[in-house]
1. When only residues in the range 145-157 that are buried (at least 21 other Cβ atoms within 10 Å of the Cβ) and out of contact with any His (no Cβ under 6 Å at 6 or more places or on another chain) count, which is farthest from Leu224 (Cα to Cα)?
2. Considering only residues that are among the small types (Gly, Ala, Ser) and more than 19 Å from the chain's Cα centre (by Cα), which ones fall in the range 68-101?
3. Could you look through the range 141-159, keep only residues that are more than 8 Å from the ligand (Cβ to nearest atom) and assigned to a loop (DSSP other than H, G, I, E, B), and pick out the one that is farthest from Pro110 (Cα to Cα)?
4. Would you say Thr60 is touching a residue at least 24 places away in the same chain (Cβ under 8 Å), more than 24 Å from Ala158 (Cα to Cα), open to solvent by 30 Å² or more (accessible area, probe 1.4 Å) and not aromatic (Phe, Trp, Tyr)?
5. What's the total number of residues in the range 170-184 that are away from the ligand (no atom under 12 Å from the Cβ) and either over 14 Å from Thr228 (Cβ atoms) or touching a Phe, Trp or Tyr at 6+ places or on another chain (Cβ under 8 Å) (or both)?
6. Residue check, Lys125 against (1) closer than 30 Å to Thr6 by Cα; (2) within 16 Å of the ligand (Cβ to nearest atom); (3) open to solvent by less than 30 Å² (accessible area, probe 1.4 Å); (4) modelled with pLDDT of 95 or more, all met but one. Which one?
Amino acid sequence: MKTLITGGTGLVGRYLKEHLPAEETFILSRQDVDIANFYDVRRLFNRIQPDIVFHLAAFTDVDRCECEPVNAFRTNVTGTFNVAFFSEEFSARIIYLSTDFVFDGKKNSPYNELDITCPLSVYGKTKLEGERIIRDNCGNYSIVRTSRIFGKYGHNFASQLPRKLLQGHKVKITTDLINSPTYARDLAVALVQIATSKFCGLIHFCNDGYCSWYDFGLYICKQLGLDTSLLIPVSINDFADSIAKRPSFSTLDTSLFGRKFYKPRPWHQALEEFLNQEIS
Ligand SMILES: NC(=O)c1ccc[n+]([C@@H]2O[C@H](COP(=O)([O-])OP(=O)(O)OC[C@H]3O[C@@H](n4cnc5c(N)ncnc54)[C@H](OP(=O)(O)O)[C@@H]3O)[C@@H](O)[C@H]2O)c1
């Protein structure tokens, strides 16, 4: 069973590869293939002839996507089209990772798979368009929406926060953006479960429960024995660095995943394990 991971050098890809047999898994970085280049992607599929494709590659910097919409479209839409097209050509099963940012956050209760999407940002719009491309062009697919991924590799805020705090940096952190933190290790296990099942369609996966970024920071401080005054609570409206609009409450309902597979563990339990085992 040959498996291809686009974006394999990113946060999720690096955890995912630990759960797949090395000899049959092909991990692609942007250096190996630019997914927006149709001919590069064709060459890649001809060479590997994969059975399963985890399509993780994306332009993931939400604020940069807002400033560089053409680049965001190029990677997240054109790139996803190319990967979807050749997955179908080669009869490969494709697993596409999407985001809670496809919602506007106005529902005030967890979003399920049937809820209406309404992205507020370029990033959310391009990821949603990627979902449509997968749905319309692929016969054997799963679209997995997830949120606020943390782990030891990424350049994203959730992953960098523990180290910043350990180094004694003061961090401005929002109190009014709420969603579900997701440990990249738990997500990797869930992605393998989904990929090796017959499940076809859209499904939400994140750790159980939800919190603001500030509460997430407080939990990290508590676990690492750090002074909570390192956290400077702000509203997203006061946050000068934030250009893209973000949903204020974009928690994902994981009932469907619970019924098909298992109930995800609570975010604070996953975060505690991460801090104990991977941050020291
Ligand atoms: N992180 C989150 O909180 C979050 C939440 C919800 C959904 N997601 C989705 O989950 C997936 C994985 O996220 P992540 O956090 O692991 O992302 P990441 O750490 O930012 O990694 C993105 C990967 O995509 C690659 N890439 C970017 N542009 C490319 C291109 N044109 N051609 C080929 N590869 C390209 C990057 O390669 P280089 O390193 O060489 O640039 C990198 O390997 C993404 O689809 C993202 O939209 C993430």
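The values are calculated or read from the model by the stated rules, or taken from the named source; none is laboratory data. What you are looking at is a predicted structure, and each value in this text was computed from that prediction instead of being measured. Don't worry about glycine lacking a Cβ; one is built from the backbone with ideal geometry, like all the others, and counts go over all protein chains shown. Protein only, heavy atoms only, side chains kept; ligands, DNA and RNA dropped before computing areas. Shrake-Rupley method; radii C 1.70, N 1.55, O 1.52, S 1.80 Å.
1. That would be Thr146.
2. Selection gives Ser87, Ser91, Ala92.
3. Per the criteria, the residue is Lys152.
4. No, not satisfied.
5. 7
6. Against the list (1) closer than 30 Å to Thr6 by Cα; (2) within 16 Å of the ligand (Cβ to nearest atom); (3) open to solvent by less than 30 Å² (accessible area, probe 1.4 Å); (4) modelled with pLDDT of 95 or more, Lys125 comes up short only on (3).
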